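Undergrad: Handing you this structure, nothing more for now.
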Amino acid sequence: MTVVKVEAELNGQKLSIETGYLAKQADGAVLVRFGDTVVLTTVVTSDPRPGIDFFPLTVDYREKTSAAGKFPGGFIKREGRPTTKETLTARMIDRPIRPLFPLGYMDEVLIQSMVLSADGQNDPDILAMVGASAALAISKIPFEGPIGAVRVGRVDGQLMLMPTQADMDASDMDLLLTGTEDHINMIEVGAREQSEKSVLEAIAFGQTFIRQMVALQRDLMSKVGKPKECILRSAPAELVKIVAGYSDRLRQARQIPGKQDRNDAVKVIKKEIVEKLTAADPATGKPTHDAAMVANAFSQVEEKVVRDLILSGVRPDGRDHTTIRPISGQVSVLPRTHGSAVFCRGETQALVTTTLGTGDDEQIVDGLGEEYSKKFMLHYNFPPFATGEVKRIMGPGRREIGHGALAERSLEPVLPSPDQFPYVIRVVSDILESNGSSSMASVCGGTLALLDAGVPLIRPVAGISIGLVSEGSREVLLTDILGEEDHFGDMDFKVSGTSQGITGIQLDLKIHGLRMDQVAATLEQARVARLQILEKMQAVIPTHRAEISPFAPRLLTIHINPEKIGKVIGPGGKTIKKIVETTGAKIDIEDDGTVFISALGMAAAERAREEVERLTEDVKVGKIYNGKVTSIKEFGAFIEVIPGVDGLCHISELSDKYVKNALDEVKMGQEVRVKVIAIDDQGRIKLSRKQAMRDENPQPAAAPVVATNAAPAAPAPVAASTPSA
């Protein structure tokens, strides 16, 4: 097979798509390169499984650590199950291409992308998405693409196409966009409170380059594309017509209030239809119609009924197109968590908890790039009882990981800086009931739980999902969609943000794409709804708690001179271990001199901070220290106020009363409180124990007393040269 390559320039670098050299036994295989990042994507198809009634598309994306010249982390030096990044990228490949297969196509399709080379600056996720589209486009699979994919950043107010990792570190927006020549069919956004106008500008900017990438793939198709092969498996028109005779009953059932009651009524009708149409023919003894085809016909009729109702102004639960379902919330619902909340919107309910931790709790992320740690995590769980179902209970699936990532991305921009709030934060959203947009309920519940935990958010965040039903020239946008409106509708457009702007977007479509005017209208409808939800949330908890939970660790942050880090650690860690043992606190020190001190009680944390400061600070006049007696002379005692630094407490400063011998007041090794009263020009430190006692234990003024037996006059101090401290 001849090697064919097409190229285009994006942001000053070449994007190339090559086929005919690697993986030649796949139905389609392309090598996509941008910079020194290279991704191989293959597609293979096979006959459908017997009795299947859905399109079995499987997408797998893997990042080989060898691509970055690294070994896999951990004990086993071989790649294992997909990482979170790999799972999220596989979802991003799947979502824009799934709607672009013809209805009734049920052949098995497997898409595999593997990163072969990674330069650390150009993220391979975009290349994998382009590769999936290109491999499908040149194969025999009936893919109705191709699509283009781009990433858009914004640095210093300027939009940037295909930004590098260095660019993204300074960007206030991360927009991932896919689409055809004329339509947008997937949007992923993480942003720092960007206005709807700014997001629309970024989408329009990216769409220009999407067209360029689609044209590049069409050029490749013209050179090596294979004829499309397609067998559609759908119920025959006469069977659909028979089932359509039940439309009136379905229309009535689909307007029953309450999700479960509505579904139960529909199940009764479906069971009746299936039993009647699959009954044995008296003449042949065989079923009149195939059960799978009857179910397929029923789905087609049910979808048409629901969509017609919505387009005529009747939603399943009776709302108009823009009304949000009833919202309620409650915080501090669990006694021992650091923060907790229940958020309800209609028949969707999320129980969300917040846990505060220390540096030891950070999540270490090891991938193709440099290893880094995360201080904020949001995990989403969706147990089967949330929809009244019985399913096998396993670990988090792609949906759970994806929804959690969306909620995490939506809340992260409003978190306080580590300097202001140095805790590691974990939010867990458990969906207890679900009927539409549980990920957005997790955003709202997450905000409430964070505020309940005392996290000083910049602003609260709320989220809402907008749906779409379109038929010819008729179309309607639906605020706060139900599960069945998502299932039978054309769009699930999730938007989250604050009163000031957008922080997260995720768009999923069942149609080929959206026009820009539809995107703009959706963002505006979501903005209006978001402000209404924020108002309801503010009534539950208007701001963060003044104090964190008594069950949360106390965490203090101080900054020391980096040159004195060794002094805190001590030889072999002896000094820091002693502080930890005596105070019960945990101490973590960064290379820049930032010290994190954590303990279950504030007293322990304060004591540890005092010890660290004592080790690292310069001695200050007027400050009281907890010193240790290191030497006793006839004229006074030498006391170590900070490690390695002594001062002299003259015998006249040891006590308010007359002291004849310093040994009468202090002993070797004794800890005493002393105040620095002077530091001379030679750096010699003068201390006073009696002034420290006066300052810390002030005595009330007493009436003058006439002495009857005067104490003997104190002897004149012995003149002595004070040795240098």
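The values are calculated or read from the model by the stated rules, or taken from the named source; none is laboratory data. Keep in mind it's a predicted model, so treat the numbers as computed, not measured. Backbone-built Cβ (ideal geometry, glycine too); neighbour counts: all protein chains shown.
Undergrad: Applying the selection to region 442-475, what residues are among the hydroxyl-bearing types (Ser, Thr, Tyr) and under 17 Å from residue 325 (Cα atoms)?
TA: 442, 465
Undergrad: Another question about this same structure. Residue under question is residue 635, and the condition is that it be of a type in the set (Phe, Trp, Tyr) and modelled with pLDDT of 90 or more; does it hold?
TA: Spelling it out, residue 635 is indeed of a type in the set (Phe, Trp, Tyr) and modelled with pLDDT of 90 or more.
Undergrad: Looking at region 80-115, which of the residues that are within 24 Å of the chain's Cα centre (by Cα) and free of Cβ contacts under 8 Å to residues at least 60 places away in the same chain is farthest from residue 181 (Cα to Cα)?
TA: 80
Undergrad: Would you tally the residues in region 340-371 being in contact with a helix residue (DSSP H, G or I) (Cβ under 9 Å, 6 or more places away or on another chain) and within 30 Å of residue 125 (Cα to Cα)?
TA: Number satisfying all stated conditions: 5.
Undergrad: Quick check on region 523-579: of everything there that is among the β-branched types (Val, Ile, Thr) and out of contact with any strand residue (DSSP E or B) (no Cβ under 9 Å at 6 or more places or on another chain), which residue is modelled with the lowest pLDDT?
TA: Filtering region 523-579 for residues that are among the β-branched types (Val, Ile, Thr) and out of contact with any strand residue (DSSP E or B) (no Cβ under 9 Å at 6 or more places or on another chain), the one modelled with the lowest pLDDT comes out as 575.
Undergrad: Can you spot a residue in region 578-586 that is surrounded by 17 or more Cβ atoms within 10 Å (Cβ to Cβ), touching a residue at least 40 places away in the same chain (Cβ under 8 Å) and not in a strand (DSSP E or B)?
TA: No.
Undergrad: Now for a separate question. Looking only at region 428-475, count every residue that is closer than 19 Å to residue 379 by Cβ, surrounded by 24 or more Cβ atoms within 10 Å (Cβ to Cβ) and either small (Gly, Ala, Ser) or within 15 Å of the chain's Cα centre (by Cα) (or both) and tell me the total.
TA: Total satisfying the criteria: 17.
Undergrad: Looking at this structure, is residue 347 in the same structural domain as residue 426 (by TED's automatic domain parsing) and under 38 Å from the mean Cα position of the chain (by Cα)?
TA: The answer is yes for residue 347.
Undergrad: Another question, then. Which one of 19, 37, 42 is more than 28 Å from residue 84 (Cα to Cα), in contact (Cβ under 8 Å) with a residue 12 or more places away in the chain, among the β-branched types (Val, Ile, Thr) and surrounded by 15 or more Cβ atoms within 10 Å (Cβ to Cβ)?
TA: The unique qualifying residue is 19.
Undergrad: Out of the residues in region 503-519 meeting the condition of being surrounded by fewer than 17 Cβ atoms within 10 Å (Cβ to Cβ) and part of a helix (DSSP H, G or I), tell me which one is farthest from the chain's Cα centre (by Cα).
TA: So, considering only residues that are surrounded by fewer than 17 Cβ atoms within 10 Å (Cβ to Cβ) and part of a helix (DSSP H, G or I), the one farthest from the chain's Cα centre (by Cα) is 517.
Undergrad: Can you pull out the residues in region 323-343 that are touching a Ser or Thr at 6+ places or on another chain (Cβ under 9 Å) and free of Cβ contacts under 8 Å to residues at least 60 places away in the same chain?
TA: Correct list: 333, 334.
Undergrad: Further question: Here is a list: 357, 388, 346, 395. Which entry is free of Cβ contacts under 8 Å to residues at least 40 places away in the same chain and among the small types (Gly, Ala, Ser)?
TA: 395
Undergrad: Oh, and also: Going by the structure shown, is residue 586 touching a Phe, Trp or Tyr at 6+ places or on another chain (Cβ under 9 Å) and not assigned by TED's automatic domain parsing to the domain that holds residue 460?
TA: So residue 586 fits the description; yes.
Undergrad: Which residue is surrounded by the fewest Cβ atoms within 10 Å (Cβ to Cβ), if the candidates are limited to region 232-263 and must be within 42 Å of the chain's Cα centre (by Cα) and part of a loop (DSSP other than H, G, I, E, B)?
TA: Only one residue tops the list, namely 257.
Undergrad: Suppose the filter is at pLDDT below 50 and in the same structural domain as residue 627 (by TED's automatic domain parsing); does residue 725 pass it?
TA: The answer is yes for residue 725.
Undergrad: Restricting the search to region 181-209, which residues are outside any strand (DSSP E or B), modelled with pLDDT of 95 or more and of a type in the set (Val, Ile, Thr)?
TA: Selection gives 199, 203.
Undergrad: Is at least one residue of region 327-344 assigned to a strand (DSSP E or B), of a type in the set (Ser, Thr, Tyr) and crowded, with 18+ Cβ neighbours inside 10 Å?
TA: Taking every residue of region 327-344 in turn, at least one turns out to be assigned to a strand (DSSP E or B), of a type in the set (Ser, Thr, Tyr) and crowded, with 18+ Cβ neighbours inside 10 Å.
Undergrad: For region 477-502, which residues satisfy the criterion of being within 15 Å of residue 324 (Cβ to Cβ), aliphatic (A, V, I, L, M) and within 20 Å of the chain's Cα centre (by Cα)?
TA: 495
Undergrad: Further question: If residue 155 meets every condition in (1) without any contact (Cβ under 8 Å) to a residue 60 or more places away in the chain; (2) farther than 20 Å from residue 217 by Cβ; (3) in contact with a Phe, Trp or Tyr (Cβ under 7 Å, 6 or more places away or on another chain) apart from one, which number is that one?
TA: Of (1) without any contact (Cβ under 8 Å) to a residue 60 or more places away in the chain; (2) farther than 20 Å from residue 217 by Cβ; (3) in contact with a Phe, Trp or Tyr (Cβ under 7 Å, 6 or more places away or on another chain), only one is false for residue 155: (3).
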